[in-house]
Every structure is written in C-alpha cells, then in structure tokens.
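Okay, so here's the structure we're looking at.
The values are calculated or read from the model by the stated rules, or taken from the named source; none is laboratory data. A quick note: this is a predicted structure, and the numbers were derived from the prediction, not measured. We place every Cβ from the backbone using ideal geometry, glycine too, and count neighbours over all the protein chains shown.
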Amino acid sequence: MKSNYVRVKDYIPDIYEELRYATERNFTHTKVYDFDEAYLRLGTTLKLKKVQEELKELGY
C-alpha cells in the first residue's frame, strides 16, 4: 500500500539524509528525535526516487 511508511534508504541507497533534530545541531541545541533514519510514505519515496534518477541523468 502506497500510504505505508518505508525507510528511504531501502529504496534510495545513495540518498543523503540529514535529520537535524536527531542531533544537537539545530536551533534548540537539543536532540529531539530518538531516531536518525528518514521514513516517508511509499508513494512519496517512489516519487523522490524518480526525481533523484532524473537529476542524476542531468549530472546532479
């Protein structure tokens, strides 16, 4: 189901993730999240993957 949440790295292994609130490097200077991996809905992840593939073809 496309509304299920998935780990983004499972679908886009070379994506750069930076979850600032999983570190103290944010404006609160406090770690807010207790996780450091990005999760998105499957449909969103697949759209992001498609865009990343198109950008790679353009040299980005």
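Overview of results
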| item | result |
| --- | --- |
| Filtered residues of the range 39-60 (kept if in a loop (DSSP other than H, G, I, E, B) and more than 26 Å from Thr23 (Cβ to Cβ)) | Leu58, Gly59 |
| Residue count, the range 1-38 (criterion: in a helix (DSSP H, G or I) and touching a residue at least 40 places away in the same chain (Cβ under 8 Å)) | 1 |
| Selection from the range 5-22 of residues that are surrounded by 10 or more Cβ atoms within 10 Å (Cβ to Cβ) and either among the acidic types (Asp, Glu) or at pLDDT below 95 (or both) | Asp10, Ile15, Glu17, Leu19, Arg20, Tyr21, Ala22 |
